[in-house]
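Please read the structure below before turning to the comments.
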Amino acid sequence: MQHAIQAAIAHFPDRGRAIQELAGSDEGFQSLCEDFAAAQAALMHWERSSSSVREARCAEYRELVRDLAAEIETELNRGR
């Protein structure tokens, strides 16, 4: 889980404390961070791939990373 929290903090460095606090008290937010980290890892995998479907998968995972980042931001803004 700590890796997932660090991935979220790396994306939102100015919100690190809020991310840690929310992750410590909200299992749903923890899961959201885990999904975000997994999507980032998958994107990195496809960016290095030589597969014929590389570009399509990269586009899908970029969109997923964007969507999950937006969800994280929404959750953080609720906690303000």
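The values are calculated or read from the model by the stated rules, or taken from the named source; none is laboratory data. This is a predicted model, so every value here is computed, not measured. Here Cβ is always computed from backbone atoms with ideal geometry, including for glycine, and neighbour counts include all displayed protein chains.
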Within the range 39-48, is there a residue that is under 12 Å from A8 (Cα atoms), part of a helix (DSSP H, G or I) and modelled with pLDDT of 95 or more? yes
Considering the range 55-80 alone, what residues qualify as being surrounded by 12 or more Cβ atoms within 10 Å (Cβ to Cβ) and either assigned to a loop (DSSP other than H, G, I, E, B) or in contact (Cβ under 8 Å) with a residue 40 or more places away in the chain (or both)? A69, I72, E73, E75, L76, G79
Given (1) surrounded by 12 or more Cβ atoms within 10 Å (Cβ to Cβ); (2) acidic (D, E); (3) closer than 17 Å to N77 by Cα, E34 misses just (3)
Subset of the range 1-25 [in contact (Cβ under 8 Å) with a residue 24 or more places away in the chain, surrounded by fewer than 17 Cβ atoms within 10 Å (Cβ to Cβ) and closer than 19 Å to D67 by Cβ]: F12
Out of (1) out of contact with any Ser or Thr (no Cβ under 8 Å at 6 or more places or on another chain); (2) assigned to a helix (DSSP H, G or I), the one S52 does not meet is (2)
